[in-house]
Amino acid sequence: MTTSSQVLTTGDPGHSVAEHNPVAGFAHDHRGGISNPILGMLLFICSEVMFFSGLFAAYFNVRATSPQWPPIVTGGTDAASKAAAAALTEHFNLHAEPLYALGLTIILVVSSFTCQFAVWAIRRGDRTGFVRNMSFTVVLGIVFLIGQAYDYSTIGFGLSDGTFGTTFYTLTGFHGAHVFGGVIMLSVILYRGLVGQFSAQHHDAVEAASLYWHFVDVVWIALFSTLYIL
């Protein structure tokens with residue numbers, strides 16, 4: 001009969017050897033300190049903070065050096081070119097229609113709450129609550145990605161439409177890639193929870209994944225505030 005830490009008895013009756021358990025690597029260290037999964041995730045998030053800081057710095061630099069923001073597009077002399085330029089200028093004004101992006105923001109914020117509820121559930125050994133809340137989180141993350149893809153298809157401008165288009169798609173595109181990675185990460189965590197690899201004593205991988213998801217949520221709030229409000 002195996003347990004979370006199987007013991008093999010050697011020839012010495014006073015000596016035993018603990019068999020390696022892959023789950024043991026995610027156990028909380030009750031002696032204090034930060035476990036390796038959480039420490040590794042914190043260091044990774046620090047690098048991601050610097051990455052997104054660079055993107056935001058580039059955005060504000062372009063914005064500060066532009067005479068008009070969002071930029072006004074000037075077309076040719078014919079009526080069709082002028083109409084196309086006027087339409088592009090109107091699409092650039094994201095401040096006029098922030099409700100759709102606000103809906104995506106609410107979805108991501110709610111997913112951050114359900115993710116934390118899953119963490120709290122596994123801390124107290126509630127595997128059912130953990131699986132339920134983590135499932136909600138994964139679904140909300142997928143809904144956000146679908147919503148962002150739909151927004152891209154209807155927003156009215158592309159990556160090559162001037163500095164505004166380039167900065168918008170660079171910022172939101174890299175964030176979307178991080179959300180996609182987070183959904184995959186949480187899906188793996190959910191699967192491991194379904195097969196019983198986490199408990200009140202062994203759940204540091206859950207804590208680490210939740211830190212990443214909260215970071216993704218905070219970055220989107222900053223993006224929404226920058227692109228649609230400021």
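The phi-based Karplus calculation (6.51 cos²θ - 1.76 cosθ + 1.60; θ = phi - 60°) puts the 3J(HN,Hα) values of the range 219-229 at 4, 5, 4, 5, 5, 4, 5, 6, 7, 10, 10 Hz, whole numbers, x for Gly and Pro. Taking the inverse of the mean reciprocal distance over all distinct Cα pairs, the Kirkwood hydrodynamic radius of the range 39-133 comes to 17.9 Å. Here, the range 109-204 yields an orientationally averaged convex hull projection of 6.5 nm² when only Cα atoms define the hull.
With the Kirkwood sum run over all distinct C-alpha pairs, the range 112-161 has a hydrodynamic radius of 12.5 Å. Neighbours of A96, meaning other residues whose beta-carbon lies under 15 angstrom from its beta-carbon, give a summed charge of -3 when Lys and Arg score +1 and Asp and Glu score -1. Per residue, the range 100-230 exposes 41 Å² of solvent-accessible protein surface, assessed with a 1.4 angstrom probe and all protein chains in place.
At what distance in angstrom do the alpha carbon centres of the range 112-162 and the range 187-224 lie from each other? Taking the Cα centre of the range 187-224 as reference, the centre of the range 112-162 is 11 Å away.
The values are calculated or read from the model by the stated rules, or taken from the named source; none is laboratory data. Because the structure is predicted, anything quoted here is derived from the model rather than measured. Using ideal geometry, Cβ is built from the backbone for each residue, glycine included, and neighbour counts are taken over all protein chains shown. Accessible surface areas use protein heavy atoms only, side chains included; no ligands, DNA or RNA. Shrake-Rupley method; radii C 1.70, N 1.55, O 1.52, S 1.80 Å.
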